[in-house]
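S.K.: Here it is, the structure, as structure tokens.
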Amino acid sequence: MGNLRAVWRSARYGAVRAVNKAVQFCVIAGGVTLANPAAAEPVTVVALGDSLTAGYGLPEGEGFVPQLQDWLDARGLEVEIVNAGVSGDTTAGGLARLDWALSEEADAMIVALGGNDLLRGIPPASSRANLDAILAEVAEERGLPVLLIGLEAPGNYGPAFKAAFDEMYPALAERYGALHEVSFLGPLMAEMSAGEARARYMQGDGIHPNREGVAVIVEAIGPRVAELVARAGES
């Protein structure tokens, strides 16, 4: 019965997307270009996350979602990014509000959760189970493409904790055929030390990126989101 329901729901969502998106996107030479823009409808991508997604501490228009929207708009992509980031949310919180965050208009999802699990020292097995349930619903039940954005655990919880936490993101992405970005904050330290990155790119709390930091993150993650949009357009 569960498999039959999954097939029905996937077909239902797939049929709607196929009608609206079939001619929308072509991937050409590593770029994404519009085909028949007059007939195309924007792809709707829901960004499910915590304060990093929500844009904590930043003026309106400077957070991750609006800067990502601007990045995609500048490249001519017909896409709407819906901000479903809630400050303080854990993976359990994201799972609890998944049905609320999604709608029948959703064509794809970005999942960026786990930072607050780290801050609270929640066992990686629990975080993994929650992310697993989210991806099962979004990718399997609803048949939507997903971009899973991870984080890297600090070493203060011990090597076993760090290994289990860091490994869950690529493992789950592979299991569900999701796109994967290693670390939300990783791009900030790609060309400088952690201390230098904190001073230049982080707000005073040392946890959340400032406007410039968000711009660096968007520049690094933007191409993966464009790839997600292309997958949604092909569905």
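S.K.: Between rounded, prolate and oblate, where does segment 128-235 land on the alpha carbon gyration tensor, with a ≥ b ≥ c its root eigenvalues, rounded for a/c under 1.5, else prolate if a/b exceeds b/c?
M.R.: It comes out oblate by the Cα gyration axes.
S.K.: Can you compute the modelled spin-label distance between Ala136 and Arg120, with each label point 7 Å from Cα toward Cβ, in nm?
M.R.: Result: 2.0 nm between the two label points.
S.K.: Can you classify segment 85-182 as rounded, prolate or oblate using the Cα gyration tensor, where a ≥ b ≥ c are the square roots of its eigenvalues, rounded means a/c under 1.5, and otherwise it's prolate if a/b beats b/c and oblate if not?
M.R.: prolate
S.K.: How far apart, in nm, are the 7 Å Cα→Cβ label points at Ala74 and Gln203?
M.R.: 2.3 nm
S.K.: So, one more: Is segment 64-118 rounded, prolate or oblate when judged by the Cα gyration tensor, a ≥ b ≥ c being the square roots of its eigenvalues, rounded requiring a/c under 1.5 and prolate requiring a/b larger than b/c?
M.R.: Verdict is oblate for segment 64-118.
S.K.: Something else about it: In percent, what relative contact order does segment 156-235 have, based on Cα pairs under 8 Å that are 6 or more apart in sequence?
M.R.: Relative contact order here is 22 percent.
S.K.: Return one whole number: the accessible area per residue of segment 193-235 in Å², for a 1.4 Å probe.
M.R.: Dividing the accessible area of segment 193-235 by its residue count gives 45 Å².
S.K.: Any chance you could run the full-extension gain for Ala160 through Ala190? It's 0.36 nm times the residue separation minus the Cα-Cα distance, nm to one decimal.
M.R.: Length gained between Ala160 and Ala190: 8.3 nm.
The values are calculated or read from the model by the stated rules, or taken from the named source; none is laboratory data. Since we're looking at a predicted model, the values are computed, not measured. Glycine also receives a Cβ, built like all others from the backbone with ideal geometry; neighbour counts cover every protein chain displayed. Heads up: the accessible areas ignore ligands, DNA and RNA and are worked out on the full protein's heavy atoms, side chains in. Shrake-Rupley method; radii C 1.70, N 1.55, O 1.52, S 1.80 Å.
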